[in-house]
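Input: a single structure, listed below in structure tokens.
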Amino acid sequence: MAVSIVVPVRNEAENVAPLIAEITAALDGRWVYEIIYVNDGSTDATAERLNALMKQHGNLRQLRHATSSGQSAAVRSGVRAARGAIVATLDGDGQNNPTFLPDLLAAIGNGDGRIGLVAGQRVGRKDTGFKKIQSRVANSVRNAILHDGTRDTGCGLKAFPRELFHVDALFRRAASLSCRRCGAPRGL
């Protein structure tokens, strides 16, 4: 089964080559895959480094946002461009270890359509104390509302069937259109 690895980046010129090497080490010979870097308005040499690396890696693509639109928009762009049946996402700053990708991908692939998302969780983060506190508060609020046992929704390491992302996007679009027709507030 083909896999797409989506990596959103902004001003990560120094990190692109090492992360690509780690991704290829984790996946070569195990999966047919592509790597999609979504360059979210970088002002450093990220684009040039990716262009050079694309000459060495035929399965590497770069999408570019002219201006920064944020990580969520970059992930959305990457998933829309993905060709693989399974999509995995990684943060471009090197905080997600690509050695976990095979386990995440296998969980989705072996789930017989019963698994919609496999997510990592951040352990031993390199963020500031303030950012860690923000994450704890956000995850606590989310857990208090949903009670789904998910410890860390902010971790960029995730895998899911690509078709579910597109179905959800279509559902949100359809719900938005129907709400406009009936005049009800849009809750989605």
Item to check | Conditions (1) farther than 18 Å from Glu12 by Cβ; (2) polar (S, T, N, Q); (3) without any contact (Cβ under 8 Å) to a residue 12 or more places away in the chain; number of the one not met by Asn59 | outcome: (3)
Checklist entry - Can you tell which of Thr89, Thr46 is surrounded by 20 or more Cβ atoms within 10 Å (Cβ to Cβ), touching a residue at least 24 places away in the same chain (Cβ under 8 Å), under 11 Å from Val9 (Cα atoms) and touching a helix residue (DSSP H, G or I) at 6+ places or on another chain (Cβ under 9 Å)? => result Thr46
Checklist outcome for this item: Considering residues that are modelled with pLDDT of 90 or more and either in contact with a helix residue (DSSP H, G or I) (Cβ under 9 Å, 6 or more places away or on another chain) or open to solvent by less than 60 Å² (accessible area, probe 1.4 Å) (or both), the number found within the stretch 97-118 is 11
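The values are calculated or read from the model by the stated rules, or taken from the named source; none is laboratory data. Small disclaimer: the values here were computed from a predicted structure and weren't measured. Quick reminder, even Gly has a Cβ in these numbers, built from the backbone with ideal geometry, and neighbours come from all protein chains shown. Heads up: the accessible areas ignore ligands, DNA and RNA and are worked out on the full protein's heavy atoms, side chains in. Shrake-Rupley method; radii C 1.70, N 1.55, O 1.52, S 1.80 Å.
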